[in-house]
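What follows is a short report on a single structure.
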Amino acid sequence: MRSPAGSQANKPRHGVGVVLLALAIAAFLLTFLLLPVATVVVTAFSNAQGGFTLAHFSAFAEISLMRESFANSLYVAGMTVFFATLLAVPLAAITARFEFRGALLIQTLGVLPLIMPAFVGAVAMQLLFGRSGSVNLLLNSAFGVSLPLMEGLNGVIFVETLHYFPFILLNLAASLANIDPAMEEAGQNLGSSGWRLFRKIVFPLALPGYIAGASLVFIKVFDDLGTPLVLNVTNMLAPQAYLRVTSIGLEDPIGYVICVILVLFSVAAMGGAWWFVQRGDFAIQSRGGVSSPRRKLSGSQSLLAYGWIVAVLLLVLSPHLGILLLSLSKVWSFTVLPEQFTLLHYATVLEDSTRMIWNTFLYCGLAALLDVVLGTAIAYLVMRTQLPGRQLLDHMVTVALAMPGLVLGIGYLRAFRGVELPWIGPLTASWLIFVIAYAVRRLPYALRSCMAAMAQIHPALEEAAENLGASRWRTLRRVLVPLMMGGILAGFVTSFVTAAGEISETILLTSRESLAPMSYGIYLYMQSISGRGPGAALGVIAVLLIGLGTWLTHRVAARHASHDVKGSAP
Amino acid sequence: MKPVAVAVENVALHFGATQVLRDINLKVEPGEFFALLGPSGSGKSTLLRLIAGFNRNQAGRVLIDGHDVSAVPPWQRNVGMVFQNYALWPHMTVAQNIAFGLEERRLPTADIKRRVAAVVELVELNGLEQRRPGQLSGGQQQRVAIARTLAIEPQLLLLDEPLSNLDAKLRLQTRQELKKLQRRLNITTLFVTHDQEEALTTCDRIAVLDQGVIQQVGTPLALFDHPQNRFVSQFIGSTNLFAGQFLAGDTGPSFASPALGLLALPSVLVAPSEPSEMAFRPHAVRLCSAEQPALAGHLQLSGVVHHQEFLGAFLRYEVRVGSALVLADQAHVRGQPSLPLGTAVSLLIPATEIRFIAL
């Protein structure tokens, strides 16, 4: 007899089709995720004869530039986490704990930075906050001082902080909102209040969310290639790896050593965060029916809250405004604002770069499609079958989250060197490699989205279809996928927009200009002073595209949340 | 410690436009085990949370041990509350959960240790002190929640549906343990529940709430035997209720019911002072053969068996009388067959079991 509905352990059967599907997905992940990474790691530890050696690592340690780059990368990632925390914590506290009319404002704040790739905003930030940027020109004329906000590493920290603080904000706000109000009430009931209550109950319970966000910020910044390159900061690890591989060549072992270090730190940061969340045993945090009680803000608190939000909003919007101004300006240097405006840059871009825009749609569209198909299939295998080892697929995908784009890019170049495909030609110099590279690194997001959607669907809905004569495949198509459509669409758009702003893999894999997507075009334009205008124009187009996609995701998600037919699991 | 009294005087509370509590008046005696019983949305939990200090009343006052606590924040009330979902902190061990309130009271470490050990002993959690809440069963979690509350030696114990997250068998056992514990500690206790059986079996007195209004306060027996209104009579136990008019004729009283017809009532019954419904409990009905002669001091009805349910200790019949269905519970004796559907029967109800409940 089958156990009652609701338990997940009631699907004992799996057919040949399920096994083949699982094997095909495993083969894809092995080939395009694990093989390239393994190639990079093996190369870092191999001598000329193919034997094991640590010589490359000691060579790395002997180069003073490498030691400096290593320290700089750690410093920049650490400082970014610090400043991002400063920005995010008050905002999260305001939304989750107080009656506040500007909740939408804060949500917007959480999304705005993410729709603008950090390396695109970096140039605009230099024009606004650089040594002779608008802010310093104003400060200099008014007070005779200037702030070194964009000098060297400061610039990277500043740009990355503004770009990545939403990761902490969103995670922390969610985990604060998820604390059962009874947890706090029980503390009050037993005599605790104010700061002590916060320190002993609220803070420890919200910590997992903060750690998750902070570790993500650390990884992203530690691995980032585009922002330092655009800001011309090369004494960091990722730019060094890129420069070694592109200038010395794919044979240079130091590049691989750097890649291994990037992977190790990313895996350690993610693993550490995971360990922390597991250890706390926060699983029983079931929310009661009561909605979270919010405190009223007093007059002065309100003023403080709004002041903080407006200040952050101005900062967050500055790269967007800057890039818009830049795209419209004829000349902009040593002045607070551009002196003459023009639409010429847009004309240039539309004339020269339609190919790039088309390429972006092609690569990102196909990659996102591949992601949701794989995501739905893996979600199904993990959540709806009893296939032995199915969790392994989930774990493999999660690994992709910790893989720097730079490392995968170098891995593809090295592992698939000389691989020729019929019709497509050399794999590493084809459009296909972009699709695969984009899809693999965004698969974790698409998978989470699909799994969340599937978790909402009570297995009884599928059992009802099977009971009425639908096969497993028909049930998947007619019941499961339609009910999951909101999550699938959200996964598609997330994959698409994050791929559209991708730069690390892109600059490594762009072998000729006809293959280049928009992000490469922006990067290329930004290399020369005369190209900054068109670069910014292309950037504005990219931001509009990504912004539109993000807005659509929210729309779809909201609509699917409102028509509530899913019969969520008890 | 001397048990304290709780008084709720003219309390009203609304959330926005929704009136949740209206003119609540209650007196809970020192050491009493007192239930707030009502369906969901009746305001019983709101009232409990008001006493704990988590809700603010817009009118009236709450007195604990004679002191008005309306302005006292929850953390200074020394009122222990056990939450429905226990609200155990997952990041602390059992011992840390229990010690929390004592640490907040800045007790010396030695005292804290001693008191934690004492309550752990009291609720029989020995050996589980270093576990985390997630590693405990539902019943154990509930005992940790109680231990955590008792550790602070509260002047008042508030229980918010403490049994609702336990399975049926454990619930039965736990409610007995809870009662024994309450007797032993002699602590004034307020117990919120929607389960009439729980309230009837455990509590000294019960306040029945519906739609933010106290319907009746009394001992379990008083509520069952003398419900003051339709709601209480139906919420506590089952009841046969019939609309109609009491007629005091020359030949004796009678009851004109649209559903049952004109019934001759036993002469001992006196007319109710206001328009009322006639009520009697299903277990007060005796089913006899249709030829049963009239019996003094009883109301007699004739009907046909319409439906029956076997509930083990008794059979519950639905008997069609006129256009109404009357419930009649008959004790079951081993080997006795049930009456076939369609059997014509007489229903006898002793006059003492008949009540008139004001509309």
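What do you reckon, is B:ARG106 basic (Lys, Arg) and under 26 Å from the mean Cα position of the chain (by Cα)? No: the conditions fail for B:ARG106. All conditions in (1) surrounded by fewer than 16 Cβ atoms within 10 Å (Cβ to Cβ); (2) closer than 18 Å to A:LEU262 by Cα; (3) of a type outside the set (Asp, Glu) hold for A:GLY405, with the sole exception of (1).
Across segment B:56-91, the number of residues qualifying as within 7 Å of another protein chain (Cβ to nearest Cβ) and over 25 Å from the mean Cα position of the chain (by Cα) comes to 6.
Would you be able to tell me the number of residues in segment A:36-54 that are of a type in the set (A, V, I, L, M, F, W, C) and crowded, with 16+ Cβ neighbours inside 10 Å? It would help to see each step written out before you state the result.
We begin by selecting, within segment A:36-54, every residue of a type in the set (A, V, I, L, M, F, W, C); these are A:37-38, A:40-42, A:44-45, A:48, A:52, A:54.
Then drop every residue that is not crowded, with 16+ Cβ neighbours inside 10 Å, which leaves A:37, A:40-41, A:44-45.
Residues meeting the conditions: 5.
Hey, among the residues in segment B:21-45 that are part of a loop (DSSP other than H, G, I, E, B) and surrounded by fewer than 21 Cβ atoms within 10 Å (Cβ to Cβ), which one's farthest from the other protein chains (Cβ to nearest Cβ)?
B:GLU29
Report the residue count in segment B:322-342 for those that are hydroxyl-bearing (Ser, Thr, Tyr) and without any contact (Cβ under 8 Å) to a residue 40 or more places away in the chain. Working first, answer last.
Restricting attention to segment B:322-342, the residues satisfying the condition of being hydroxyl-bearing (Ser, Thr, Tyr) are B:323, B:338.
Now restrict to residues that are without any contact (Cβ under 8 Å) to a residue 40 or more places away in the chain: B:338.
The number of residues fulfilling the criteria is 1.
Screening segment A:177-196 for residues that are surrounded by fewer than 20 Cβ atoms within 10 Å (Cβ to Cβ) and assigned to a helix (DSSP H, G or I) and picking the one that is nearest to the other protein chains (Cβ to nearest Cβ) gives A:ARG196.
In this structure, B:GLY249 does not qualify as more than 16 Å from B:PRO350 (Cβ to Cβ), more than 32 Å from the chain's Cα centre (by Cα) and touching a residue at least 60 places away in the same chain (Cβ under 8 Å). Would you please name the residue that is nearest to B:ALA12 (Cα to Cα), looking only at residues in segment B:67-96 that are surrounded by fewer than 20 Cβ atoms within 10 Å (Cβ to Cβ) and among the hydroxyl-bearing types (Ser, Thr, Tyr)? Top of the filtered list is B:SER70.
Could you tell me whether any residue of segment A:139-149 is within 22 Å of the chain's Cα centre (by Cα), surrounded by fewer than 24 Cβ atoms within 10 Å (Cβ to Cβ) and modelled with pLDDT of 85 or more? Taking every residue of segment A:139-149 in turn, none turns out to be within 22 Å of the chain's Cα centre (by Cα), surrounded by fewer than 24 Cβ atoms within 10 Å (Cβ to Cβ) and modelled with pLDDT of 85 or more. Answer yes or no as to whether B:LEU48 is within 14 Å of chain A (Cβ to nearest Cβ) and under 20 Å from the mean Cα position of the chain (by Cα). Taking the combined requirement at face value, the residue satisfies it.
The single condition among (1) surrounded by fewer than 19 Cβ atoms within 10 Å (Cβ to Cβ); (2) at pLDDT below 90 that B:LEU269 does not meet is (1).
Here is a yes/no grid of residues against (1) modelled with pLDDT under 80; (2) surrounded by 12 or more Cβ atoms within 10 Å (Cβ to Cβ); (3) out of contact with any His (no Cβ under 7 Å at 6 or more places or on another chain); (4) part of a loop (DSSP other than H, G, I, E, B):
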site: A:SER292; (1), (2), (3), (4): yes, yes, yes, yes
site: A:SER300; (1), (2), (3), (4): no, no, yes, no
site: A:GLY307; (1), (2), (3), (4): no, no, yes, no
site: A:LEU313; (1), (2), (3), (4): no, yes, yes, no
site: A:HIS320; (1), (2), (3), (4): no, yes, yes, no
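Selection over segment B:207-223 of residues that are in contact with a strand residue (DSSP E or B) (Cβ under 9 Å, 6 or more places away or on another chain), surrounded by fewer than 22 Cβ atoms within 10 Å (Cβ to Cβ) and not in a strand (DSSP E or B) gives a count of 4.
What's the total number of residues in segment B:7-20 that are more than 21 Å from A:GLU185 (Cα to Cα) and either surrounded by 14 or more Cβ atoms within 10 Å (Cβ to Cβ) or within 19 Å of the chain's Cα centre (by Cα) (or both)?
Narrowing segment B:7-20 to residues more than 21 Å from A:GLU185 (Cα to Cα): B:7-12, B:16-19.
Now restrict to residues that are either surrounded by 14 or more Cβ atoms within 10 Å (Cβ to Cβ) or within 19 Å of the chain's Cα centre (by Cα) (or both): B:7-9, B:11-12, B:19.
Counting residues in segment B:7-20 that are more than 21 Å from A:GLU185 (Cα to Cα) and either surrounded by 14 or more Cβ atoms within 10 Å (Cβ to Cβ) or within 19 Å of the chain's Cα centre (by Cα) (or both) gives 6.
Looking only at segment B:104-119, how many residues end up being more than 8 Å from chain A (Cβ to nearest Cβ), part of a helix (DSSP H, G or I) and either surrounded by 16 or more Cβ atoms within 10 Å (Cβ to Cβ) or not β-branched (Val, Ile, Thr) (or both)?
So the first thing to find is which residues in segment B:104-119 are more than 8 Å from chain A (Cβ to nearest Cβ), and the list is B:106-119.
Narrowing further to those that are part of a helix (DSSP H, G or I): B:109-119.
Narrowing further to those that are either surrounded by 16 or more Cβ atoms within 10 Å (Cβ to Cβ) or not β-branched (Val, Ile, Thr) (or both): B:110-119.
Result for segment B:104-119: 10.
For B:VAL270, the stated conditions hold: it is part of a loop (DSSP other than H, G, I, E, B) and in contact (Cβ under 8 Å) with a residue 12 or more places away in the chain. Taking residues in segment A:199-211 that are more than 9 Å from chain B (Cβ to nearest Cβ), and partners anywhere that are charged (D, E, K, R) and part of a helix (DSSP H, G or I), the pairs with Cβ atoms closer than 9 Å and at least 6 places apart or on different chains are A:VAL202/A:ARG97; A:VAL202/A:GLU184.
Looking at segment B:100-118, can you tell me whether even one residue there is within 23 Å of B:THR174 (Cα to Cα) and of a type in the set (D, E, K, R)? Taking every residue of segment B:100-118 in turn, at least one turns out to be within 23 Å of B:THR174 (Cα to Cα) and of a type in the set (D, E, K, R).
In contact with a Pro (Cβ under 8 Å, 6 or more places away or on another chain), surrounded by 12 or more Cβ atoms within 10 Å (Cβ to Cβ) and either modelled with pLDDT of 90 or more or at positive phi (or both): is that true of B:ARG355 in this structure?
Numbers: in contact with a Pro (Cβ under 8 Å, 6 or more places away or on another chain): yes; surrounded by 12 or more Cβ atoms within 10 Å (Cβ to Cβ): yes; either modelled with pLDDT of 90 or more or at positive phi (or both): yes.
Spelling it out, B:ARG355 is indeed in contact with a Pro (Cβ under 8 Å, 6 or more places away or on another chain), surrounded by 12 or more Cβ atoms within 10 Å (Cβ to Cβ) and either modelled with pLDDT of 90 or more or at positive phi (or both).
Please enumerate the residues belonging to segment B:92-103 that are of a type in the set (A, V, I, L, M, F, W, C) and either part of a loop (DSSP other than H, G, I, E, B) or more than 9 Å from chain A (Cβ to nearest Cβ) (or both).
Let us first name the residues in segment B:92-103 that are of a type in the set (A, V, I, L, M, F, W, C), namely B:92, B:94-95, B:98-100, B:102.
B:MET92, B:VAL94, B:ALA95, B:ILE98, B:ALA99, listed by residue number.
Within segment B:163-171, identify whether any single residue is of a type outside the set (Asp, Glu), over 25 Å from B:THR93 (Cα atoms) and away from every other protein chain (no Cβ under 14 Å), and answer yes or no.
Yes, the conditions are met somewhere in segment B:163-171.
Restrict the check to segment B:124-146 and report whether at least one residue is more than 11 Å from chain A (Cβ to nearest Cβ), surrounded by fewer than 17 Cβ atoms within 10 Å (Cβ to Cβ) and touching a residue at least 60 places away in the same chain (Cβ under 8 Å). Taking every residue of segment B:124-146 in turn, none turns out to be more than 11 Å from chain A (Cβ to nearest Cβ), surrounded by fewer than 17 Cβ atoms within 10 Å (Cβ to Cβ) and touching a residue at least 60 places away in the same chain (Cβ under 8 Å).
Output the number of residues of segment A:42-101 satisfying the condition of being assigned to a helix (DSSP H, G or I) and more than 17 Å from A:LEU162 (Cα to Cα).
Of the residues in segment A:42-101, the ones assigned to a helix (DSSP H, G or I) are A:42-44, A:55-62, A:64-97.
Remaining after also requiring more than 17 Å from A:LEU162 (Cα to Cα): A:42-44, A:55-62, A:64-74, A:93-97.
Going through segment A:42-101 one residue at a time, the tally reaches 27.
The values are calculated or read from the model by the stated rules, or taken from the named source; none is laboratory data. From a predicted model like this one, the values you see are computed outputs, not experimental measurements. So basically every Cβ, Gly included, is an ideal-geometry build from the backbone, and we count neighbours across all protein chains shown.
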